[in-house]
Amino acid sequence: QVQLVESGGGLVQPGGSLRLSCAASGSIFNIQTMGWYRQAPGKQRELVAFITSGGSTNYASPVEGRFTISRDNAKNMVDLQMNSLKPEDTAVYYCNAVVQVGPISAYRHYWGQGTQVTVSS
């Protein structure tokens, strides 16, 4: 099995910064992409950003220029640096990894338990 553990959420004032971290562990042969999604109350879960094993990144339009995703392939970790936070960034943030557990196994999505980010004065 594969486990994703997130850390770094909390309460921050508008304009502030937070850094989320996620560590993947377990039966991991290869991780294709790692990323972050978020879900606000009453809304569907949406992509925030992802990064490939080669370092290519993709950001959702609302966060581009404010958030930065980074990855440590050796440690199976992904971080999300969030700057200039806005109240509309308030959500539960979920780590996601597309993982292969063996050399011939299919890639599967795995999810963390989520961490709350609240942006409020």
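The values are calculated or read from the model by the stated rules, or taken from the named source; none is laboratory data. The structure displayed is predicted, hence computed values, not measured ones. Note that we place each Cβ from the backbone using ideal geometry, even for glycine, and neighbour counts take in every protein chain shown. Heavy atoms of the whole protein, side chains included, go into the accessibility calculation; ligands, DNA and RNA do not. Shrake-Rupley method; radii C 1.70, N 1.55, O 1.52, S 1.80 Å.
Only residues that are assigned to a loop (DSSP other than H, G, I, E, B) and charged (D, E, K, R) were counted across segment 32-59, and they come to 2. Give the residue that is farthest from residue 46 (Cα to Cα), with candidates limited to residues of segment 84-121 that are touching a residue at least 60 places away in the same chain (Cβ under 8 Å), surrounded by fewer than 13 Cβ atoms within 10 Å (Cβ to Cβ) and among the small types (Gly, Ala, Ser). Per the stated criteria, the residue is 102.
Consider segment 67-83 and keep the residues that are in contact (Cβ under 8 Å) with a residue 60 or more places away in the chain and open to solvent by 40 Å² or more (accessible area, probe 1.4 Å). The one that is nearest to residue 51 (Cα to Cα) is 81. Here 72, 79 are screened, and the one residue that is acidic (Asp, Glu), over 10 Å from the mean Cα position of the chain (by Cα) and closer than 18 Å to residue 7 by Cβ is 72. Take the conditions (1) touching a strand residue (DSSP E or B) at 6+ places or on another chain (Cβ under 9 Å); (2) under 17 Å from residue 117 (Cα atoms); residue 4 misses just one of them, which is (2).
Could you tell me whether any residue of segment 6-13 is among the acidic types (Asp, Glu) and open to solvent by less than 40 Å² (accessible area, probe 1.4 Å)? Taking every residue of segment 6-13 in turn, at least one turns out to be among the acidic types (Asp, Glu) and open to solvent by less than 40 Å² (accessible area, probe 1.4 Å). From the list 40, 97, 49, 91, the lone residue that is farther than 19 Å from residue 5 by Cα and among the small types (Gly, Ala, Ser) is 40.
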